[in-house]
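Here the structure comes first, spelled out in structure tokens, and everything after it is commentary.
Since every read-out is calculated from the coordinates, none of them should be taken as a lab result. Please read these numbers as outputs of a predicted model, since none were measured by experiment. Cβ: placed from backbone, ideal geometry, glycine included. Neighbour counts: every protein chain shown.
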Amino acid sequence: MSSRHLLLAALALVPAATACSFGGGFDGTRYQCGAGDTCPTGQACVDGYCTGGGGDDDAGVDATPLDDGGPAPDAAPPVARCGSAALFSDDFEAAGLDPARWYSWSDSGASVAETGGVVEVSFSGGGEAYAGYTSRYRHDLRDSEVRTDVTPGGGLTILEARGPGTARAQIVEENGQLQTAVLGVGGGGFRTAIPYDGGVHRYWRIREAAGTLYFEASQDSSDWTELHHEATPFDVEHVHLLLSAAGVSGDTAARFESINAGVVAPLPYCETSSLVDGFDAAPLGDGWWTWGDPSCTISETGGALAMAFTGAASEAWCGSETSHLHRLTGSAVAVEVAQSPSVEGFVTFLQLVAPGTVDTFLEIARDGGTIRFVQTIDGSQISSTSITYSATNHRHWRIRESGGRAYFETSPDGVTWTLRHDDATELDTDRMQVMVAAGHYVGISAQLVRWAGVNAP
């Protein structure tokens, strides 16, 4: 038996606490409670809410934190954040993986498939094998949540919020025990375990509120019972959301019927104009991913994002892209290009990309002595304008959206802008990924690209 399974066995008899919590019927001032929940001393569960003795019209808001460090029972509702994890939802009714939301993965001996409104993980090999879905982009779990409708199977069934590095929070069912865990951090480990009841624990939820992380279960996704809570143990601003299971041949398949079904996000994705980075604090933050071929290296140097090409390959590309989605609708994104090669066949480009695609985007790109402004849908250029490049007049690039049209602009100083091209948008500008990148499609000598900032003053 592995040390992981020994730890699970040792925790099998640890009881879980119950407490009132935010729920689907939260009224903006108080915590919702239900059968089996307990309210703090001086509070009672009246008509579904923890109150301080005044019934449903309780006017005396109790803002005193609980003895165990949890928030006050009548504390203010969660902060309304753009780009929150609540925006990430899927009822799995459209058969097949949605690449704008997920990527799937599996070990040999396990498989995952989406059909009939269900994501199912099944097992066919000899040894223990894992499979599952991971959100393609990161999401902000602060003052937000992730919930799923689940029927466990295999040896392990897991709902996970995974932060940067190895940090992760989990609700796990294994061998009839429903457990909570925080792993990959100092003091990490399994926290609580109770006997699993398929009727009572059909829905699982991990949520964060005011610096506290909660693990909860429900029979109807309305009234929630707390399994565990603790001070938020890692940065949950940039998390992947995972549905996964592990098992061996012959184990029952694990089934997930939704993620965040019925959850209403208070705000849409954050505007592209809110993405501000002067590239002056190395390394890049967790809001970015980098990628590239071996003959290109990316670094933050001298207040710029540098992309250095050795010229060792006949073709090479690299770039940095946002790990979150952003909203261009009614907004804009601007970059300052401090240096880009004038070599024909070398391309420096800004793209706003439709999620889960590589060939649907809005783009400003310099190729040698030409700068072009393009909308591309499914690999086909819908519209394009090209002009002669000027290092002085075209130092700043901007793409903005207004009234269903995309506007492509340049500026010498980031203040006065000149319109170069516009077109009706044929992609969803409410959800886009921002990318700055470069590369060459011919053999070249060593070259350097320097981005001085994104929306930086």
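Along Cα→Cβ, 7 Å out, is where each label goes; now give me the distance between the ones at T151 and I377 in nm to one decimal.
Going from the T151 label point to the I377 one covers 4.0 nm.
Give me the one-decimal nm value for the distance between modelled label points at S342 and D413, 7 Å along each residue's Cα-to-Cβ direction.
2.4 nm
Relative contact order of the range 264-356: what whole-number percent is it, with Cα pairs under 8 angstrom and at least 6 residues apart?
31 percent
Using the Karplus curve 6.51 cos²θ - 1.76 cosθ + 1.60 with θ = phi - 60°, what ³J(HN,Hα) values do you get for each residue of the range 404-412, in whole Hz, with x for Gly and Pro?
x, 10, 9, 10, 10, 9, 10, 7, x
Amide H neighbours of L227 under 5 Å, counting only residues 5+ apart in sequence or on other chains, H built in-plane at 1.01 Å?
Here F215, E216, A217 satisfy the definition.
Which net charge results when you count Lys and Arg as +1 and Asp and Glu as -1 among the other residues whose beta-carbon is under 10 Å from that of S411?
-1
Where does each of W289, W204, W317 land when they are ranked from fewest to most other beta-carbon atoms within 10 angstrom?
Ordered by Cβ neighbours within 10 Å, fewest first: W289, W317, W204.
Using each residue's phi in the range 122-133, evaluate 6.51 cos²θ - 1.76 cosθ + 1.60 at θ = phi - 60° and report the 3J(HN,Hα) Karplus result to the nearest Hz, with x for Gly and Pro.
10, 9, 9, x, x, x, 5, 9, 10, 7, x, 10
Take the Cα pairs of the range 272-454, get the Kirkwood Rh, then feed it into Stokes-Einstein at 20 °C and 1.002 mPa s and tell me D in µm²/s.
132 µm²/s
Report the relative contact order of the range 190-288, percent, no decimals, based on alpha-carbon pairs under 8 angstrom and at least 6 residues apart.
Normalised by residue count, the contact order of the range 190-288 is 16 percent.
Say R0 is 35 Å: what FRET efficiency, to the nearest 0.05, do D428 and N393 get from their beta-carbon distance?
Step by step, r from the Cβ atoms, then E = 0.65.
Would you kindly state how much longer the chain becomes between T357 and E321 on full extension, computed as 0.36 nm times their sequence separation minus their alpha carbon distance, in nm to one decimal?
11.7 nm
R0 = 45 Å: FRET efficiency of A282 with A95, Cβ-based, nearest 0.05?
Calculated value: 0.50.
Using θ = phi - 60° and the Karplus form 6.51 cos²θ - 1.76 cosθ + 1.60, what ³J(HN,Hα) does each residue of the range 344-349 get, whole Hz, x for Gly and Pro?
5, x, 10, 10, 10, 8
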